[in-house]
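Notes follow the structure.
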Amino acid sequence: MIIDSLEHLGDYAKLHAGFATVVKFLSHHDLNTLPLGRCDIEGNDVFVSINTYATKECPKVEFHKVYADIQIILEGHEQIGWMPKKELRNVTPYDERKDIAFGEGATQKMEALPGRFFVFFPEDAHQPSIGNGNAVKKAVFKIKL
């Protein structure tokens with residue numbers, strides 16, 4: 001997992017070609033002007049989804065096997081929980097089509113605010129959308145590893 005200020009995202013471009021693609025995309029696009037839903041950047045290899053929702057007291061803990069997430073809050077705030085995937089309990093069957101499975105566990109909570117980004121890799125179980133019903137607009141980049 002990585003947490004950093006959005007101004008430093010370019011420092012991570014060397015980690016994977018998909019990260020460089022996201023940095024380049026952000027240099028030419030304002031996330032706040034993208035429509036809600038999925039926007040393909042490099043087909044299924046790199047894409048972004050813009051979503052709005054209300055936070056929840058206890059959302060599900062999730063993980064992915066194929067994609068890394070870069071999550072960026074555009075409006076509002078939430079907490080995001082993290083824990084090592086190997087510590088999850090009661091894990092649901094993995095949905096290969098959606099690249100997701102869920103489990104239970106006590107996550108460490110971090111504040112997600114505009115201007116920060118979070119990167120979650122396949123070994124990172126994460127619990128986005130924690131809060132008390134406040135409105136959030138978020139961009140989630142998916143990078144195929």
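List of remarks:
- Beta carbons closer than 6 Å, at least 6 apart along the sequence or on distinct chains, pair a first residue in segment 34-63 that is surrounded by fewer than 17 Cβ atoms within 10 Å (Cβ to Cβ) with a second that is basic (K, R) for D45/K144; S49/R38; N51/K138; T52/K137.
- Assessment of segment 69-81 against the conditions (part of a loop (DSSP other than H, G, I, E, B), under 16 Å from the mean Cα position of the chain (by Cα) and crowded, with 19+ Cβ neighbours inside 10 Å) yields no matching residue.
- If you filter segment 97-145 down to residues that are free of Cβ contacts under 8 Å to residues at least 24 places away in the same chain and not hydrophobic (A, V, I, L, M, F, W, C), you find that the one that is farthest from H64 (Cα to Cα) is R97.
- Filter pass, V136 being among the β-branched types (V, I, T), more than 11 Å from the chain's Cα centre (by Cα), in a loop (DSSP other than H, G, I, E, B) and at pLDDT 95 or above: no
- Scanning segment 1-49 for residues that are in contact with a Ser or Thr (Cβ under 7 Å, 6 or more places away or on another chain) and either within 21 Å of L145 (Cβ to Cβ) or modelled with pLDDT under 95 (or both) yields R38, I41, E42, V46.
The values are calculated or read from the model by the stated rules, or taken from the named source; none is laboratory data. Here the structure is a predicted model, which is why all the values come from computation and not from measurement. So basically every Cβ, Gly included, is an ideal-geometry build from the backbone, and we count neighbours across all protein chains shown.
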